[in-house]
Amino acid sequence: MNLFADIRATVLSALEDMVRSGDLPQGLAMGNVAVEPPRDAAHGDMATNAAMVLAKPAKMNPRAIADGLAAKLTADPRITSADVAGPGFLNMRLADVVWQDVAKAALSDATYGQSTLGQGQKIMVEYVSANPTGPLHVGHTRGAVFGDALAGLLAYAGYDVTKEYYINDGGGQVDVLARSVYLRYLEAHGQAVAFEDGTYPGDYLIPVGQALKDKVGDAYLGKGEQFWLDEVREFSTEAMMELIREDLGQLGIEMDTFFSEKSLFGSGRIEGAIERLDTLGLIYTGTLEPPKGKLPDDWEASEQTLFKSTDFGDDQDRPVKKSDGSWAYFAPDIAYHWDKVDRGFDGLINVFGADHGGYVKRLKAVVKALSEDKVELEIKLTQLVKLFKNGEPFKMSKRAGTFVTLRDVVDQVGPDVTRFHMLTRKNDAPLDFDFDKVTEQSKDNPVFYVQYAHARINSVLRKAEVDVSDDALGAADISQLSHEAELALIKKIAEWPRLVEIAAKGHEPHKIAFYLYDLASEFHALWNRGNDEASLRFLQEGDAGATQAKIALIRATQLVIAAGLGILGVTPVEEMR
């Protein structure tokens, strides 16, 4: 049940009646007609912009359209009033029974809030994709949480979602990793070593060096890297990916697939992707003008093989092969995204850190070119996270050597708090993560406030002396729920299906977190009203029917909270400690 969609359908039906009767001209596009909560709840339950968006194409005064529409809508027994406001907005009030039906639906329909918006379209969400050179740091944490929540949201909204991690194991950074592990290998043999600039000095490589010693003994001692580099690189990469999988597991994240960049080399897939672009007339040999500002790593003044990315909105064409015949950094990215397109995805989403903003236009250009504009790539950038503890910036991790790790954060506050708080800001806004504030038990801490609502409802269910099974509550007479505070909670529950679709369309899982906070606020407000008004208390002594009706309402609230937390990957708390 989606009440806002149902009322919108009623509005559209009324408009079509007006067209048939000649009160509106033929051929009006109705796609922009919306039904939503009014900005001020005092104005009504729902508002529609129908008259405003149709006035210009209909060449009519918006108030004249609104007056005619209001007369049609009030003929529906669900709509008790329809009042024209301002230049032509229409505010509607609904009968109590309509809201009571919403509460019953939220309680009895296991799919309440889920959507068919996606219609089974295949979507890939690629996220994290950190270099396999060490543990995940706090920046990766935000991208991991956002990407996982986005995947959960899209699946809830009816998309067929694949979650993928792209392993950047084809570049020079894995050679540096291998050399760093080799130093730890020597150290495991009792040798003194020095980590030069560019190597990875973190303690996390100590057990990897020991494991390498356990595997090969002294076979690599005193040998030049031509004898051990390839084998140590593969060994080290596998060890780091195992560490990264464990890090992701700390947050409850499981990828569907891992894709190795290294697998593209020597497979013909890079050549095939470039050939595909060449067939489309998008590859040429030329020399680029030096870009303004800092020169990118893959820029050179000599002739190169270039992709005409400017044909698709990029700032400049991009090199795919250097003058010496080697592949440019961008080439495997092209092949990887061609592989995505070739796998038949209807849409692609990449979650990158803000430092990868420079790659947005070129990647969007190449996907548009390779798919001949049939597949859209959206790139979501996650901004930086600033960590604080006791009012001071959180210190770096000795284990990592240079950064605060995901495990540092999770060890401090747990996975649920980490995930929820990472979603309390839009992905492209900076985020402050204060270890003290995210664990304090107050209304100012969103994760506590939402979890407290879920746990409080559990406490009522435990204390109730009536049958509180979902079947029994579903049969309760909820016509008794007519107080403004009870209806306010139901009205917030009614927004859930609409909110899911809005968040899914905008790829904005943070809106789920915001909604849950608002829903929890309405619940806590009702709880507090019950302290002063006995008739609002959930347990009505001597009146089993009233008790079941009120518990049906808060159980419906709890189910929606649990569904929202499930999208965010957060486990609902059964009892606050």
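The values are calculated or read from the model by the stated rules, or taken from the named source; none is laboratory data. This one's a predicted model, so the numbers in the text were calculated from it and none came from an experiment. For neighbour counting, all protein chains shown are included, and Cβ atoms are generated from backbone atoms with ideal geometry for every residue, glycine included. Note: areas computed on protein heavy atoms with side chains; ligands, DNA, RNA excluded. Shrake-Rupley method; radii C 1.70, N 1.55, O 1.52, S 1.80 Å.
Worth a mention:
- Cα centre as origin, Lys/Arg/Asp/Glu Cβ charges: the range 309-459 dipole, Debye: 420
- Residues in the range 231-242 carry Karplus couplings, in order, of 5, 5, 4, 5, 4, 5, 4, 4, 5, 5, 5, 5 Hz; the curve used is 6.51 cos²θ - 1.76 cosθ + 1.60 with θ = phi - 60°, and Gly or Pro positions show x.
- Unit charges at the beta carbon, dipole of the chain: most positive-side option, 94, 576, 379: 94
- Rounded tilt (10° steps) of 96-108 against the dominant C-alpha axis of the chain: 40
- Within a straight-line Cα-Cα reach of under 30 Å, residue 492 can be paired with the following lysines, leaving aside sequence neighbours fewer than 8 residues apart in one chain: 72, 104, 380, 426, 437, 443, 463, 505, 511, 550.
- Rolling a 1.4 Å probe over the protein heavy atoms of the range 106-215, with every protein chain left in place, gives an accessible area that is 46 percent carbon and sulfur.
- Between helix 138-156 and the chain: long-axis angle, C-alpha atoms, 0 to 90°, nearest 10: 50
- One entry in [x] 1.05; [y] 0.99; [z] 1.01 is Rg/Rh (Cα atoms, Kirkwood Rh) calculated from the shown coordinates; its label is [x].
- In this structure, the pairs whose alpha-carbon distance is over 26 Å, taken from 122/491; 262/322; 223/321, are 122/491; 223/321.
- The range 329-392, accessible surface, carbon-and-sulfur percent (1.4 angstrom probe): 46
- Relative to the dominant Cα principal axis of the chain, helix 330-342 is inclined by about 50°.
- Working from label points 7 Å from Cα in the Cα-to-Cβ sense, the residue 19 to residue 465 distance is 6.0 nm.
- For the chain, the per residue solvent-accessible surface stands at 45 Å², with DNA, RNA and ligands left out and a 1.4 Å probe.
- Centroid-to-centroid, using Cα positions, the range 474-489 and the range 344-393 are 44 Å apart.
- For the pair the range 242-281 / the range 46-65, the C-alpha centres are spaced 50 Å from each other.
- Magnitude of the charge dipole, the range 184-320, Cβ model with Lys/Arg +1 and Asp/Glu -1, debye to 20: 160
- By the helix-only formula, in which each DSSP H run with n ≥ 4 contributes -39500 (n - 2.57) and the sum is divided by residues, the chain has a 222 nm mean residue ellipticity of -15000 deg cm²/dmol.
- Convex hull volume per residue in cubic angstrom - Cα atoms of the range 159-207: 110
- Mean shadow area of the range 248-351, taken as a quarter of the surface of its Cα convex hull (nm²): 8.9
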